[in-house]
Amino acid sequence: MKHLLKLLDLTGDEITELLNLADQLKYELKHGIPHPHLAGKTLGMLFTKASTRTRVSFEVGMVQLGGYPLILSGNDLQIGRGEPVQDTARVLSRYIDGLMIRTFSQQDPEDLAKYGSIPIINGLTDMYHPCQVLADLMTIREYKGKLEGLKLCYIGDGNNMANSLTVGGLKTGMAVSIAAPKGYGPAKEVLDFAAGYPGKFNLTDDIFTAAKDADVVVTDVWASMGQEQEIIQRQKDFAGYQVNTKLMSHAKADAIVLHCLPAHREEEITTEIFEAHAAEIFDEAENRLHAQKAVLVKLMKG
Ligand code: CP
Ligand code: NVA
């Protein structure tokens, strides 16, 4: 494993190894055991979209690993004025030991990996959010003790979260059921991958079919970053695609609820369900830190 561009590039065993390492790093942090695996290493973090969790958890994670985090805003770099990704990749490779990027096009992290010579980590693109889904899988394992054999249901937009959850869920032995309005399903690349898991993947526009007997219920915003101008249309198209008490009555009684955050209460999730499952949701947010530290160690430790 040289980069984390998308979960499609990892085997199920590689994902499990990362989750095991994340558990260990979490244990060490909680017990005050130092783990300076990246002493002397620098991670660049390039953002062309907003972020709270990704930014803070990567920055704090690097410090806890003994390394140095360097925040780079797309607007301040020459890349914001059109310097090619190919050149940016080769220049940054001369200064830093790894680069996390959050941006729009999946092609950007792919090109940085192709032209640079340092590990590239996808901190969210329009297509995928692998760091978030590693944290989600870690959280599910904490609550359920396993992943294999569980049913994960995702309600809402077939966006970067739906794409990465489908791949991560199927690769780790879960059944994945997605409920999205017609025309809003996951990406073709993801559906093609899921076709290799007959009986384990289901795409429907019926939220109750998707939620039936689910162990894990996940949702995300109706309009992702960059889609703000579509919100009026999306509020119409997604009406009813909500995680609420009625939806949860179709899932298993002990089902957990996850949300990558930020959440839009009374759109994709009711305040009632959000607050009833706040323990899981904020454990999930915390686990970004531990899961990403595992990724950093795996990719950047000498
Ligand atoms: N879930 C997530 O990636 O949050 P941020 O956008 O705050 O980084
Ligand atoms: N789907 C959301 C996730 C935010 C963490 C977005 O891309 O805006």
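The values are calculated or read from the model by the stated rules, or taken from the named source; none is laboratory data. What you see is a predicted model; the values in this text were computed from it and never measured. All Cβ positions, even for glycine, are placed from backbone atoms using ideal geometry, and neighbour counts span all protein chains on display. For the accessible areas, the whole protein counts, side chains as well, though only heavy atoms, and no ligand, DNA or RNA atoms are used. Shrake-Rupley method; radii C 1.70, N 1.55, O 1.52, S 1.80 Å.
Being open to solvent by 10 Å² or more (accessible area, probe 1.4 Å) and either within 16 Å of ligand 2 (Cβ to nearest atom) or under 22 Å from Glu59 (Cα atoms) (or both) is a condition met by at least one residue of the stretch 127-140.
Confirm whether Lys151 is without any contact (Cβ under 8 Å) to a residue 24 or more places away in the chain and of a type in the set (Lys, Arg).
Values: without any contact (Cβ under 8 Å) to a residue 24 or more places away in the chain: no; of a type in the set (Lys, Arg): yes.
No; evaluated as a whole, the condition is false for this residue.
Looking for something within 16 Å of ligand 1 (Cβ to nearest atom) and in a strand (DSSP E or B) - is there at least one such residue anywhere in the stretch 178-188? There is no residue in the stretch 178-188 that is within 16 Å of ligand 1 (Cβ to nearest atom) and in a strand (DSSP E or B). From the list Ile118, Ile101, the one residue that fits, being outside any helix (DSSP H, G or I), away from ligand 2 (no atom under 12 Å from the Cβ), free of Cβ contacts under 8 Å to residues at least 40 places away in the same chain and hydrophobic (A, V, I, L, M, F, W, C), is Ile118. A single entry from Lys188, Lys212, Lys236 fulfils the requirement of being of a type in the set (D, E, K, R) and within 24 Å of Glu284 (Cβ to Cβ): Lys212. Glu286 meets the conditions (1) within 16 Å of ligand 1 (Cβ to nearest atom); (2) buried (at least 17 other Cβ atoms within 10 Å of the Cβ); (3) among the acidic types (Asp, Glu) in every case but one. The failed one is (2). The single condition among (1) under 17 Å from Gly168 (Cβ atoms); (2) among the β-branched types (Val, Ile, Thr); (3) surrounded by fewer than 15 Cβ atoms within 10 Å (Cβ to Cβ) that Val190 does not satisfy is (3). The criterion of at least 2 residues that are surrounded by 12 or more Cβ atoms within 10 Å (Cβ to Cβ), among the polar types (S, T, N, Q) and within 16 Å of ligand 2 (Cβ to nearest atom) is met, among helices (runs of 4 or more DSSP H) falling completely within the stretch 1-97, by 53-64.
Taking Leu147, is it more than 16 Å from ligand 2 (Cβ to nearest atom), touching a helix residue (DSSP H, G or I) at 6+ places or on another chain (Cβ under 8 Å) and hydrophobic (A, V, I, L, M, F, W, C)?
Details: more than 16 Å from ligand 2 (Cβ to nearest atom): yes; touching a helix residue (DSSP H, G or I) at 6+ places or on another chain (Cβ under 8 Å): yes; hydrophobic (A, V, I, L, M, F, W, C): yes.
Taking the combined requirement at face value, the residue satisfies it.
Looking across the stretch 228-263 at every residue that is over 21 Å from the mean Cα position of the chain (by Cα) and acidic (Asp, Glu), the one that is least open to solvent (accessible area, probe 1.4 Å) is identified as Asp237. Looking for something within 16 Å of ligand 1 (Cβ to nearest atom), under 29 Å from Leu99 (Cβ atoms) and surrounded by fewer than 22 Cβ atoms within 10 Å (Cβ to Cβ) - is there at least one such residue anywhere in the stretch 118-126? Yes - at least one qualifying residue is present in the stretch 118-126.
Given the condition away from ligand 2 (no atom under 12 Å from the Cβ) and open to solvent by 40 Å² or more (accessible area, probe 1.4 Å), answer yes or no: does some residue in the stretch 213-225 qualify? Before the answer, list the steps.
Of the residues in the stretch 213-225, the ones away from ligand 2 (no atom under 12 Å from the Cβ) are 213-217.
After this cut, where a residue has to be open to solvent by 40 Å² or more (accessible area, probe 1.4 Å) as well, the list is 213.
Looking through the stretch 213-225, at least one residue is away from ligand 2 (no atom under 12 Å from the Cβ) and open to solvent by 40 Å² or more (accessible area, probe 1.4 Å).
Residues in the stretch 258-272 that are touching a residue at least 24 places away in the same chain (Cβ under 8 Å) and within 16 Å of ligand 2 (Cβ to nearest atom): Leu258, His259, Cys260, Leu261, Pro262, Ala263, His264, Glu267, Glu268, Ile269. Among the numbered conditions (1) farther than 19 Å from His290 by Cα; (2) assigned to a helix (DSSP H, G or I), the only one that Leu134 does not meet is (1).
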